[in-house]
Amino acid sequence: MYIPMVHRWRLFLCWSLLTTLCAFAAKAQSHGSLHGKIVDPRGNPVPNAKIALLQDACEVVQGTSDAEGSFNLSVPASGRYTPRVEAPGFATENVPPIYLTSGKTEELTISLNIGPLPQEIVVSATGTAIPEAQVGASVTLIDSDQIASLNKLDVLEELRFVPGAQIVQTGQRGGITSLFIRGGESNFNKVLVDGITVNAIGGGFDFAQLSNNGVGSVEVLRGANSVLYGSDGLGGVVNITSAHGTTSIPELKYSVDGGNFGTLNQDVSLGGSIHTFDYFSDFSRFDTRGSYPNDFFHNATVSANLGWDIAPTTGIRATVRHATTDLGAPNAIDFFGVSDASTLRNQNTYVGITAQQQTNDRWHNSAQFAFAQFRSLFVTPFPTGQPFDPFGTGPNYLGNLVTIRGANGLSVTGQGILDFAGSYPQSFPDYEARRSLFAQSDYRFFGGWTGVVGFRYEHEDGEGLTRNNYSSFLEGHGNVGHRLFLTGGVGLENNAVFGFAASPRVSAAYYLRSPSAATFFGDTKLKFNFGKGIKEPSTTQQASALINLLTPAQVAQFNVSPIGPERSKTFDGGVEQRLWNGRALVGITYFYNRFYDLISFLDPSSLVSIGVPAGAAEATAIGGGAYVNATSERALGTELESKIDLGHGLLFQGEYTYLDAVVTKAFGVAAFNPLFPNIPIGAFSPLQGARPFHRAPHSGSFILTYNRRRFNTAFSGYLVGRRDGSTFLLDGFFGNTLLLPNSNLAPGYQKLDLSAGYAITSYAKIYTSIENLLSQHYQAAFGFPAAPFTIRSGVTFTIGGREGWWK
């Protein structure tokens, strides 16, 4: 049959249109799918496990894993789904929500846990998310549930419950706070917020500036890891991760509470998800006057976490955090009997933009740009104390007449110099900034082995100095059979100050017994970890390093090398045993840390004693000396830890640490107090052979939580033994009459806290939090009294977050 040309074109156009519409319809109607594998803590497949996908607590689709643990589920429409897995002998696993797109397949591996204790997924040890059961390093994860149950305001409070960690805060809320891990110095720890390095240049970090605003989890690695984290990962890593929005219905929370000492705390957050976009933001404001004059503290923090899955295999995430704090600095009240008038203002900003791409089911890539900025201003508006000028050179200002008693049974009485002579007001501004670009690629090879390679560029700016640092690393982790898990790698650092340094690390986990929920004695895990760490000099150390105080001709004449990195070798090994059908976990870990090539300021005579040519040492006389790599410390000890699910909503965890730390090499000159003429004293630093300051040989903590229906409570304790220290004081004649012997100077203490909450309705909850329940007069830092009994009580309102939230 003949069809005219014009009709042919019309038929062709109609057919094309129909075909296109059918294609779009088919695409619109095609189902998205979730494919993956269900495994036990050691990565073995779990067959016949039931997996369901939920939306707003309603089951949408379900399936069962096959003999290899594999599953495949189809969903009727694009959306955010929450996987839930149940299997005989394993605890039910609720996986964080994931977004599934029509016509696309997502890959997911779900690790189940034996018994009711939660399965911890950690990142700090390997650079990729991996079950803690497969890690040989010592890692502690503090999740959002524990943070919420403790109901504390600052991250430092959660860190008290990490084995091997000791928190020292100078005074009350807002006072400078240091973290010591396994006997190392407080600046030996790498601190990251959403992957952003937030240490000051040279390693220091004040944890009093970091509130729990927007914090989703805190992960602590105990031991060196300069492979993944480069400089500053000398003794440990603290990795803080922001909360994510997960609910399809926006969730708005507002909390307000008040307490004694004029305390007022407010927090408002908004989180949720829309298709492939998730969002979470938080603003908090805390104010208190403290229990002493000029002991106020204000903290205003805003944070945000925004994520967008551009495609099923590609995503981008932006995080920002800004905190402004103001505090009074009354100084050591117990040493002076009067509050100083100084104040400190801090402004910290952290910004990160991270892109991730899953090339295929084996290959994953990520890149992050990060910016961190730190501003501070310390002001002493006028001198405090009694003017005293015995030498006619201008008055210094003395505190009141006080008696200082040490825990070693010795005491002194007198007046120390609180403020020195000079022009007032005095201001000390500081500014530092870091900008970095980090890229990482990980590929899963055969047999569960994964290779990770990374590169980092970092630009540092502080005190008029700039640095451009480069680092890279190569690491692999995987298993041999079903019992042995290995990790090994090397980091390469090219630092603008000290040049090139390499840092290796290896760890292993081996199971003597297989996981089982059917017997009282569960799996037995042996663990081992060894690593080397490095830390770069601070800008102050760089500016006054020996090489920078000499002329180029003198450097060449005396063959002076640049200041080097501080170094560490850390080792730990232990055993973990699950008991009571997976309801209990006990562990013991031995650690040995050696910190060497530590940077110290030495006077000219001490410089000569370590081999510096006399001519070079004499050139430093004007400044009193120079910074060089000269001292060392050693720390060894044992950690005991346990966690027990007692049933009926009761959970107990506890830890004890024995620490034997010693200064193995030092050049400080001993001071002598006429009251104790035969006892050498380290006035400003510990002497060789003595214990480092602030680190107690005995410390421990515990938490007992109860969570049942509408009511929850937590009773916790932090216990610390006697520590070495110093008064760091000069009397009015610049003498040593106010120094006390260092040994066991600071008394031990116990900080007991209690919190409780009750959900009146699904959208209103009342709570209270008590710290220092016994109102013990203790000093975490000798001379600086901590806050007495403090209480906050308030209410939280929650709007949205789920269907029927108002019921």
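Structure data summary
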| quantity | calculated |
| --- | --- |
| R709-D56 FRET efficiency (beta carbon distance; Förster radius 22 Å; 0.05 resolution) | 0.55 |
| The stretch 766-793-the stretch 555-582 distance, computed between alpha-carbon centres (Å) | 35 |
| Percentage relative contact order, the chain, counting C-alpha pairs under 8 Å, at least six apart | 11 |
| D (Stokes-Einstein, µm²/s), Kirkwood Cα radius, the stretch 261-396, 1.002 mPa s at 20 °C | 113 |
| Convex hull of Cα atoms in the stretch 648-807, direction-averaged projection (nm²) | 14.0 |
| N260-W580 pseudo-label distance in nm [points 7 Å out on the Cα-to-Cβ vector] | 3.5 |
| Area of T798 that stays accessible when all protein chains are in place (1.4 Å probe, Å², to 10) | 20 |
| Centre separation in Å (Cα based) which lies between the stretch 159-175 and the stretch 432-453 | 32 |
| Amide H within-cut-off set for S342, under 5 Å, with H built and near neighbours excluded | A329 |
| P(r) tail fraction, the stretch 285-365 - alpha-carbon pairs more than 18 Å apart, % | 62 |
| Over the chain: helical MRE at 222 nm, DSSP H runs n ≥ 4 each giving -39500 (n - 2.57), nearest 500 | -2000 deg cm²/dmol |
| Relative compactness, the stretch 344-454, computed as alpha-carbon Rg over 2.2 N^0.38 Å | 2.10 |
| For the stretch 473-567, Kirkwood radius (reciprocal of mean inverse C-alpha pair distance, Å) | 17.2 |
| Karplus-derived 3J(HN,Hα), 6.51/-1.76/1.60, for each residue of the stretch 197-204, Hz, glycine and proline x | 5, 10, 5, 5, 4, x, x, x |
| Dipole-positive endmost among T380, G203, G214 within the chain (Cβ charges, Cα centre) | G214 |
| Calculated FRET efficiency for the pair I679/I610, C-beta based, R₀ 22 Å, to 0.05 | 0.25 |
| Sequence of Y510, Y431 from largest to smallest accessible area, 1.4 Å probe | Y510, Y431 |
| Residue list for the stretch 334-354, given a label point 7 angstrom along the Cα-to-Cβ vector of F369 and an amide N cut-off under 11 Å | 352-354 |
| Nonlocal amide H pairs with A77, under 5 Å, H built at 1.01 Å | G32 |
| Stretchable slack from I249 to D145, in nm (0.36 nm times residue separation minus alpha-carbon distance) | 35.3 nm |
| Modelled FRET efficiency - R0 25 Å, A556 with E463, Cβ distances, 0.05 increments | 0.40 |
| Cα→Cβ-extended label distance, 7 Å offset, between A318 and N400, nm | 5.4 |
| Dimensionless Rg ratio for the stretch 143-295, taking C-alpha atoms and the 2.2 N^0.38 Å reference | 1.14 |
| Point-to-point label distance, V302-F734, nm (Cα→Cβ direction, 7 Å offset) | 4.9 |
| Reduced Cα scattering model of the chain, Debye log10 I(q)/I(0), q = 0.06 Å⁻¹ | -0.43 |
| Near-label residues of the stretch 264-294 by backbone N, under 17 Å of a point 7 Å along Cα→Cβ of K104 | 273-279 |
| With DNA, RNA and ligands ignored, accessible area of F90 (1.4 Å probe; Å², nearest 10) | 50 |
| Solvent-accessible area, 1.4 Å probe, carbon plus sulfur percent, for the stretch 535-589 | 57 |
| Whole-Hz ³J(HN,Hα) from phi, Karplus 6.51 cos²θ - 1.76 cosθ + 1.60, for the stretch 371-379, glycine and proline x | 9, 9, 10, 10, 10, 8, 9, 9, 10 |
| Length added when fully stretched, F521-F378, from 0.36 nm per residue minus Cα-Cα | 45.8 nm |
| In order through the stretch 461-475: 3J(HN,Hα) via Karplus (6.51 cos²θ - 1.76 cosθ + 1.60), integer Hz, x for Gly, Pro | 9, x, 6, x, 10, 10, 9, 10, 10, 10, 8, 8, 8, 9, 9 |
| For the stretch 377-399 and the stretch 83-156, distance of Cα centres in Å | 56 |
| Convex hull volume per residue for the stretch 629-700, taking Cα atoms only, in Å³ | 135 |
| Student exercise, the stretch 333-488 dipole from Lys, Arg, Asp, Glu Cβ charges, in Debye to nearest 20 | 580 |
| Charged-residue dipole, Cβ positions (Lys, Arg, Asp, Glu), the stretch 405-535 about Cα centre, Debye nearest 20 | 780 |
| Average projection area in nm² (convex hull over Cα atoms of the stretch 52-99, one quarter of hull surface) | 3.7 |
| Segment V95-A433, length gained on full extension (0.36 nm per residue, minus Cα span) | 118.0 nm |
| The stretch 682-797: relative contact order in percent, alpha carbon pairs under 8 Å with at least 6 residues between | 21 |
| Charged-residue dipole, Cβ positions (Lys, Arg, Asp, Glu), the chain about Cα centre, Debye nearest 20 | 1480 |
| Volume of the Cα convex hull of the stretch 515-674, divided per residue and given in Å³ | 177 |
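The values are calculated or read from the model by the stated rules, or taken from the named source; none is laboratory data. Computed from a predicted model, the values in this text were never measured in an experiment. Cβ sites come from the backbone with ideal geometry, for glycine too, and all protein chains shown count toward neighbours. These area figures cover heavy atoms from the full protein model, side chains too; ligands, DNA and RNA do not enter into them. Shrake-Rupley method; radii C 1.70, N 1.55, O 1.52, S 1.80 Å.
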